[in-house]
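See below for the structure under consideration.
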Amino acid sequence: MPLVCDARVITFKGNYNIMQYIYILLFVCFVQVAHTQIVTDRPDQTESSSTVKSGDLQIESGLLLGFEGEGEQATRQILAPTTLFRYGINQWFELRLLSQFETLKSNGIENQGISDIEIGTKIQLLQNENINTEIAFLSHLVTSSGSAGFRSEQLGTINKLSISHSINENVGIGYNLGYNYFGTGSGDFTYSVALGVAVNDKVAIYIEPYGDLVDFEEHVANFDAGFTYLVHKDLQLDFSFGTGLNHTMNYLSVGASWLIHKQKAEE
């Protein structure tokens, strides 16, 4: 199975690695960010159930280094940078654009180029503080716009239903159910569940199992974990790593998210 070249997901197929359990044990006592001041869609795979406020622009950017396989057969992927632009149209609706520059090295051959641009939207379906629940629907159109060697022959779609619950003031859980179709086969069912805690006003940590049911036949299971650090109310840094549970895959990612308020842009 090829790499899924996405700012939030990187998936490889290969053999099982015992080190995957070590990653889980390191984070099993920690629990996606529950209550940071900037609600972002990175660094985890679970898209948030919140939209950007009307007139605000949120830029979420980062670097990702991923590996698949071992020895001479290893494949390396670098996304540097990968950037998601989110603009709030109104209280319930945001526009989204994802762009990334990719370096892929396999069998000693290295290729570089721009991945297909994704254009999409997130729609807030429910926001009810009385039941501590939010629901949103997210959809991206994957355009056939990338560089040679990185361009898809057909249009694709990435779709997710995002649901989140606040367990208490510091702990929250979010989960996504999705369907992706890239022009061939039956498409892929996707899922993720992120459990996180705000350690203090600046630091939050998370753990998250996620995966795909490729063509509704082959299950690809993964796990990731990480943290965010709020530099100030409009700037947030993040770090995350992930590994495959039933296949060989590892990645590291660092990034930053910047919230630009409407009133500041007008000053």
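Some observations on this one:
- Here the range 162-194 is the region considered, the condition is being hydrophobic (A, V, I, L, M, F, W, C) and within 17 Å of the chain's Cα centre (by Cα), and the residue that is surrounded by the most Cβ atoms within 10 Å (Cβ to Cβ) is Ala194.
- Residue match in the range 119-134 (condition: crowded, with 17+ Cβ neighbours inside 10 Å and of a type in the set (D, E, K, R)): yes
- Residue within the range 195-205 that is surrounded by fewer than 16 Cβ atoms within 10 Å (Cβ to Cβ), modelled with pLDDT under 95 and among the polar types (S, T, N, Q) present: yes
- Lone qualifier among Ile207, Ile173, Ile167, Ile260 - being among the aliphatic types (A, V, I, L, M) and touching a Ser or Thr at 6+ places or on another chain (Cβ under 8 Å): Ile173
- Looking only at the range 82-118, and only at residues there that are of a type in the set (Asp, Glu) and closer than 21 Å to Trp258 by Cβ, the one that is surrounded by the most Cβ atoms within 10 Å (Cβ to Cβ): Glu94
- Residue in the range 64-79 that is of a type in the set (Phe, Trp, Tyr) and modelled with pLDDT under 95 present: yes
- When residues of the range 142-156 are limited to those that are surrounded by fewer than 15 Cβ atoms within 10 Å (Cβ to Cβ) and among the aliphatic types (A, V, I, L, M), the one nearest to Leu97 (Cα to Cα): Leu155
- Meets criteria (under 26 Å from Met249 (Cα atoms) and within 15 Å of the chain's Cα centre (by Cα)) for Asn107: no
The values are calculated or read from the model by the stated rules, or taken from the named source; none is laboratory data. This is a predicted model, so every value here is computed, not measured. Backbone-built Cβ (ideal geometry, glycine too); neighbour counts: all protein chains shown.
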